[in-house]
Protein chains: 2
Amino acid sequence: MLTHSEENYLKAIFHLSLETDEDISTNAIALKINSQPSSVTEMLKKMSDKSMISYQKYKGVSLTEVGQKTALKIVRKHRLWEVFLFDKLNFSWDEVHEIAEQLEHIHSDKLTQELDRFLDYPQHDPHGDPIPNRAGFIQYSEKILLATLQVGETARFVGVKDSSAVFLQYLDKRNIALGDLLTISFIEAFDQSMHVLINDSNHILSKQTINNIYVLKV
Amino acid sequence: MLTHSEENYLKAIFHLSLETDEDISTNAIALKINSQPSSVTEMLKKMSDKSMISYQKYKGVSLTEVGQKTALKIVRKHRLWEVFLFDKLNFSWDEVHEIAEQLEHIHSDKLTQELDRFLDYPQHDPHGDPIPNRAGFIQYSEKILLATLQVGETARFVGVKDSSAVFLQYLDKRNIALGDLLTISFIEAFDQSMHVLINDSNHILSKQTINNIYVLKV
DNA sequence: AAAATATTTTAGGAAAGCCTAAAAATAGCA
DNA sequence: TGCTATTTTTAGGCTTTCCTAAAATATTTT
């Protein structure tokens with residue numbers, strides 16, 4: 001049984017691994033979990049002894065098969081709890097993450113399974129991220145950044161890259177929600193901002209914004 | 001913000017205080033939480049510094065007003081989660097306690113409130129114990145032990161004293177559930193075992209059993 | 001009331017998880 | 001390639017929470 005802290009390390013390494021094919025550096029992990037590199041080194045030794053990661057001094061780490069499975073279980077729990085909070089308890093999509101960070105550490109396979117059933121086997125969390133199934137299989141979709149679309153194209157808003165509370169609140173304020181259809185009407189040449197038709201209103205979205213929004217072409 | 005461990009001490013002292021009007025001894029706490037008296041002494045000092053308990057060396061402890069309120073919040077969370085597991089996630093009443101022990105430590109007032117609403121403001125947990133309201137008020141009922149009834153009396157099964165898994169499973173096996181009506185038909189003089197009519201079947205309940213079952217006379 | 005017993009506290013130590021500062025290894029550049 | 005800058009690890013320390021063993025205090029018994 002892993003400690004709370006070990007689970008957080010595992011999750012950090014898992015998320016960092018999605019961004020790159022290389023081994024994950026000590027510094028990157030320290031940055032991710034807001035701690036010091038020396039603390040990370042110490043923990044990596046411990047997790048390597050437990051066969052959760054492959055670790056060679058100075059060479060960075062990667063998850064072992066067991067580590068990967070374990071990380072996926074935690075991600076599964078995190079995202080299922082997010083759905084519960086959003087669908088059943090009236091939480092907004094910018095509030096769910098923080099509480100799911102606590103709930104993801106509850107140990108009970110039956111709880112996870114029953115929660116999944118109770119929520120009717122959801123495929124995505126409130127930010128559009130896929131929920132691994134019981135076996136740890138995760139269905140990644142072909143989603144692309146809104147920024148890559150051309151004028152005239154239409155796509156469905158299916159996810160956010162950065163799900164920080166401020167960004168999510170910004171979208172809420174503009175009534176832009178997961179599932180909405182977006183049509184590009186114009187792209188400003190000088191700052192790459194996009195004019196987008198959403199729910200019959202015109203929005204001008206900054207370069208930063210359109211690089212944070214994932215869509216599926218329709 | 002209290003630690004996981006401090007919350008467990010608080011809860012232990014709270015439950016022990018329900019059984020007696022005297023101050024709670026170091027040994028009693030150690031026994032309750034399965035630890036050593038010396039560990040308890042150490043923690044009591046810390047919690048006294050935080051004004052959660054009144055503590056005098058060698059004299060035992062009692063909860064302060066703040067400590068009492070805090071303990072009630074934890075009990076509230078514990079019992080609400082038990083209802084959730086039982087009502088929504090198909091857990092049996094002997095399984096809910098263990099997982100609620102983990103869930104009770106999740107920190108979020110909004111979560112507790114929304115859970116309460118979602119469950120439709122339940123008054124009792126699956127073992128019949130009362131759930132404190134948001135303000136920390138707890139409605140104790142006049143429940144008495146089944147053992148105190150006389151032949152011919154009828155009462156409703158409203159709670160258990162010892163909610164250990166084995167005892168709860170024993171009741172399940174005999175189809176005896178919270179809310180059932182019980183009528184005493186005979187009491188054996190030599191071992192105080194009771195012949196009880198429940199759901200049209202006759203049960204012979206041992207002295208231990210009838211001292212673990214709470215009822216309300218009807 | 002003194003002696004024996006039981007309870008509680010103190011003293012000292014261990015593991016987990018964090019830290020800072022210094023040393024070692026690696027990477028980047030002239 | 002050799003030197004500098006960066007990254008990573010080691011060394012040593014701190015806090016929390018637990019432990020055992022011994023000392024201090026309280027309670028019970030005779």
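The values are calculated or read from the model by the stated rules, or taken from the named source; none is laboratory data. Just so it is clear, the model here is predicted, and its values are computed rather than measured. Quick reminder, even Gly has a Cβ in these numbers, built from the backbone with ideal geometry, and neighbours come from all protein chains shown.
Of the residues in region A:121-134, how many are within 22 Å of A:PHE157 (Cβ to Cβ) and among the charged types (D, E, K, R)?
Residues that pass the stated criteria total 2.
Within region B:46-72, count every residue that is more than 16 Å from DNA strand D (Cβ to nearest atom) and touching a Gly at 6+ places or on another chain (Cβ under 6 Å).
2
Output the number of residues of region B:42-57 satisfying the condition of being in a loop (DSSP other than H, G, I, E, B), within 21 Å of B:GLU19 (Cβ to Cβ) and within 13 Å of DNA strand C (Cβ to nearest atom).
Counting residues in region B:42-57 that are in a loop (DSSP other than H, G, I, E, B), within 21 Å of B:GLU19 (Cβ to Cβ) and within 13 Å of DNA strand C (Cβ to nearest atom) gives 1.
Out of contact with any Asp or Glu (no Cβ under 6 Å at 6 or more places or on another chain), hydroxyl-bearing (Ser, Thr, Tyr) and within 30 Å of B:LYS88 (Cα to Cα), is that true of A:SER108?
Judged against the criteria, A:SER108 is a match.
Taking only pairs six or more apart or across chains, which ones have beta-carbon atoms under 8 Å, a first residue in region A:34-53 that is within 14 Å of another protein chain (Cβ to nearest Cβ), and a second residue that is at pLDDT 95 or above and within 10 Å of DNA strand C (Cβ to nearest atom)?
That search, which allows pairs on different chains as well, returns nothing.
Working only within region A:1-28, note down all residues that are free of Cβ contacts under 8 Å to residues at least 24 places away in the same chain and of a type in the set (A, V, I, L, M, F, W, C).
First, pick out the residues of region A:1-28 that are free of Cβ contacts under 8 Å to residues at least 24 places away in the same chain: A:3, A:12, A:15-16, A:18-21, A:27-28.
Those that are free of Cβ contacts under 8 Å to residues at least 24 places away in the same chain and of a type in the set (A, V, I, L, M, F, W, C): A:ALA12, A:LEU16, A:LEU18, A:ALA28.
I'm trying to understand the selection: among the residues of region A:7-41, which are of a type in the set (D, E, K, R), surrounded by fewer than 17 Cβ atoms within 10 Å (Cβ to Cβ) and in a helix (DSSP H, G or I)?
Selection gives A:GLU19 alone.
Taking A:LYS69 and the conditions (1) in contact (Cβ under 8 Å) with a residue 60 or more places away in the chain; (2) of a type outside the set (Gly, Ala, Ser); (3) under 30 Å from B:GLU114 (Cβ atoms), which numbered condition does it fall short on, given that it satisfies the others?
Looking at each condition in turn, A:LYS69 falls short on (3).
Mind counting the residues in region A:130-168 that are in contact with a helix residue (DSSP H, G or I) (Cβ under 6 Å, 6 or more places away or on another chain) and under 17 Å from A:ALA100 (Cα atoms)?
Total satisfying the criteria: 2.
Under 6 Å between Cβ atoms, at least 6 apart or on separate chains: pull out the pairs that start in region A:194-218 with a residue that is over 21 Å from A:SER164 (Cα atoms) and end on any residue that is part of a loop (DSSP other than H, G, I, E, B).
Partner pairs satisfying both residue conditions: A:ILE198/A:ILE176; A:ILE198/A:ASP180; A:LEU216/A:LYS143.
For region A:98-123, which positions are assigned to a helix (DSSP H, G or I) and facing chain B (nearest Cβ under 7 Å)? Let's see the steps before the verdict.
So in region A:98-123, the residues assigned to a helix (DSSP H, G or I) come out as A:98-103, A:109-118.
Residues satisfying the conditions are A:ILE99, A:GLN102, A:LEU103, A:LEU111, A:GLU114, A:LEU115, A:PHE118.
Can you name every residue in region B:72-97 that is among the aliphatic types (A, V, I, L, M), within 12 Å of another protein chain (Cβ to nearest Cβ) and surrounded by fewer than 22 Cβ atoms within 10 Å (Cβ to Cβ)?
The answer is B:LEU89, and nothing else.
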